[in-house]
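Structure first, then comments.
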Amino acid sequence: MIHLANITRQHGARILFQNASFQITPGSRSGLVGPNGAGKSTIFRLITGEEPLDGGEISCSKKTVIGYFSQDVGDMAGRSALGEVMAASARTMQLGEEIKAMEAAMCEPMADDALAPLLEKYGEAQEEFEHRGGYDLESRAQAVLTGLGIGPEDYVRPVESFSGGWKMRIALAKILTINPDVLLLDEPTNHLDVESIVWLESWLATDFKGALLMTSHDREFMNRLVTRVIEVAGGAITTYGGNYDFYLREREVRREQLFASHRRQQEMLAKEEEFISRFAARASHAAQVQSRVKKLEKIERIEIPAEQKVIRFEFNEPPRSGDDVARIDRLAKVWPLPGGAGKSVFSGVSGLIRRGEKIAVVGVNGAGKSTFLKCLAGQTEPSSGGVTIGANVHLGYFSQHSMDLLDPKKTVFETVQDALPMASIGVLRNLCAAFLFQGDDVDKRIDKLSGGEKSRVVLATLLARPLNLLVLDEPTNHLDIQSREVLLEALRNFAGTVILVSHDRHFLRSLVSRVFEIDHGQMLPYEGDYDYYLHKSGHANF
């Protein structure tokens with residue numbers, strides 16, 4: 001379907017990949033992985049023609065319809081949400097108009113020599129219209145919007161009235177509704193809640209029949225969908241059969257084999273070079289020496305690719321809190337609305353958070369999870385009821401807003417140093433490295449960092465402080481899989497109490513021991529891990 005043969009691309013002096021090849025075959029489901037900056041998004045732009053190749057060739061049938069979703073949604077204005085989604089299928093809508101015009105023309109008397117080419121054109125238009133899913137375009141657009149959390153009451157809302165995160169959903173709906181032959185998805189789960197992620201999983205697995213190539217920071221999403229992983233790293237592109245977990249295991253096996261082959265080759269080279277050095281001056285061995293010199297020149301040297309180091313950081317033991325960390329008593333929150341009315345978020349919420357617990361707060365989008373965490377952390381006043389923080393509890397709060405509080409002119413190192421003024425330079429550098437800021441990265445200014453890098457800075461300063469209660473609102477947002485694993489390991493080893501909201505199911509499964517569900521304004525506690533909650537709540541397909 002799409003063939004990438006011996007492709008080469010470099011940015012400046014840095015070679016992303018050289019003489020690399022792979023194919024996207026009909027119906028294939030592939031995950032694109034690799035460290036930040038390796039060239040994953042470049043692959044998408046090369047396929048769509050947004051970037052030129054430096055070498056090699058990309059071939060694709062002219063009739064192949066490609067849909068590409070990226071994090072750059074562009075401008076949206078002047079249409080309703082439904083109108084915006086349908087406008088992406090302009091070619092399909094144009095074909096529909098042409099078919100109507102041709103049907104009207106064929107109802108009029110016409111000479112045979114004019115009718116024949118019209119019938120041929122009509123047949124071609126109908127075939128393409130059907131291939132593009134034109135007959136159910138509007139109903140498909142509505143179903144996709146609803147699945148992504150934008151219900152019928154919002155179909156007619158002006159698209160410019162939606163926030164940035166919801167515009168991302170509309171942009172994703174546009175691409176899905178096109179019903180392309182090849183679907184390129186660059187981080188489609190960003191800004192989606194669990195319900196929308198599960199819907200998208202189901203849609204891609206059952207409704208979508210084309211080929212899929214995607215990147216995602218959601219490990220479980222990748223595992224459930226892809227049957228092949230394409231790794232972009234170290235200037236090469238390598239293909240692995242299987243899902244993401246298989247890729248991790250197989251990559252380690254291949255790396256061990258490579259190390260073994262490299263070691264054997266180095267031993268052989270050392271012996272040959274020793275022979276050459278010993279007998280180079282002896283005329284009696286001249287032929288043998290020359291033969292071995294030529295042999296060494298022809299050998300293709302095995303190189304060990306560079307791999308980012310993962311440095312473990314031992315966090316200081318937090319001060320011990322009392323057994324009852326926080327007691328929640330009939331907590332309620334009402335957000336005021338114009339005209340004196342108010343919108344009730346939740347009411348009558350009661351519960352107890354005990355020392356050492358790792359608790360997930362779950363619920364549908366808009367249920368009030370973030371508002372509940374704000375009340376717990378003292379970031380907003382409850383409308384009634386209250387939260388009693390226990391003895392010797394030192395609370396730290398993280399939200400996406402936390403990143404806006406960073407000083408843009410300071411470096412990563414200076415920011416971490418401000419949070420831990422008494423720590424030595426070695427401790428600070430190790431802390432930075434534990435959160436993947438190594439070498440010159442610590443000297444980057446905050447205003448030059450990506451969203452994920454800013455998240456890591458805030459989390460590093462939070463986890464290294466003497467806190468024993470962490471309240472975390474979407475700490476995994478913007479983080480890639482490796483960064484999420486670093487955070488997960490840190491929280492697993494954290495001796496204090498954690499209460500968090502996250503849409504990353506792998507993260508929740510691996511961490512939490514208790515779940516609070518906010519449902520229709522009430523809070524339901526589940527005394528078990530995330531899988532226990534899914535089973536008891538009837539959400540087993542999550």
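For this structure, a couple of remarks:
- Pairs, first under 20 Å from Gly34 (Cβ atoms) and of a type in the set (Val, Ile, Thr) in the stretch 472-488, second at pLDDT below 85 and surrounded by fewer than 21 Cβ atoms within 10 Å (Cβ to Cβ), C-beta under 8 Å, six or more apart: Val486/Val310
- Checked against the criterion of being at negative phi and surrounded by fewer than 18 Cβ atoms within 10 Å (Cβ to Cβ), the stretch 431-439 has at least one qualifying residue.
- In the stretch 440-492, the residue that is nearest to Gln71 (Cα to Cα) out of those that are assigned to a helix (DSSP H, G or I) and β-branched (Val, Ile, Thr) is Ile481.
- Some residue of the stretch 346-368 being assigned to a loop (DSSP other than H, G, I, E, B) and among the hydroxyl-bearing types (Ser, Thr, Tyr): no
- Residues of the stretch 169-188 classified as crowded, with 23+ Cβ neighbours inside 10 Å and under 13 Å from the mean Cα position of the chain (by Cα), total: 2
- Ile47, sole failed condition from (1) in contact (Cβ under 8 Å) with a residue 12 or more places away in the chain; (2) part of a loop (DSSP other than H, G, I, E, B); (3) assigned by TED's automatic domain parsing to the domain that holds Leu213: (2)
- Within the stretch 153-164, the set of residues being under 28 Å from the mean Cα position of the chain (by Cα), assigned to a helix (DSSP H, G or I) and loosely packed, with under 15 Cβ neighbours inside 10 Å comprises Glu160, Ser161, Gly164.
- Some residue of the stretch 282-293 being closer than 30 Å to Gly39 by Cα and hydroxyl-bearing (Ser, Thr, Tyr): no
- Selection from the stretch 54-70 of residues that are in contact with a helix residue (DSSP H, G or I) (Cβ under 6 Å, 6 or more places away or on another chain) and either part of a loop (DSSP other than H, G, I, E, B) or within 13 Å of Ile170 (Cα to Cα) (or both): Phe69
- Within the stretch 413-430, if we keep just the residues that are polar (S, T, N, Q) and over 19 Å from Ser402 (Cβ atoms), the residue that is surrounded by the fewest Cβ atoms within 10 Å (Cβ to Cβ) turns out to be Ser424.
- Residue match in the stretch 342-350 (condition: exposed (fewer than 12 other Cβ atoms within 10 Å of the Cβ) and at negative phi): yes
- Residue in the stretch 242-255 that is modelled with pLDDT under 95, of a type in the set (A, V, I, L, M) and within 30 Å of His191 (Cβ to Cβ) present: yes
- Any pair with Cβ under 8 angstrom, 6 or more apart, that starts in the stretch 246-269 at a residue that is free of Cβ contacts under 8 Å to residues at least 60 places away in the same chain and ends at one that is part of a helix (DSSP H, G or I): Leu269/Leu296
The values are calculated or read from the model by the stated rules, or taken from the named source; none is laboratory data. Predicted model only: the values in this text are computed from it and were never measured. Please note: Cβ atoms are built from the backbone with ideal geometry, for glycine as well, and neighbour counts cover all protein chains shown.
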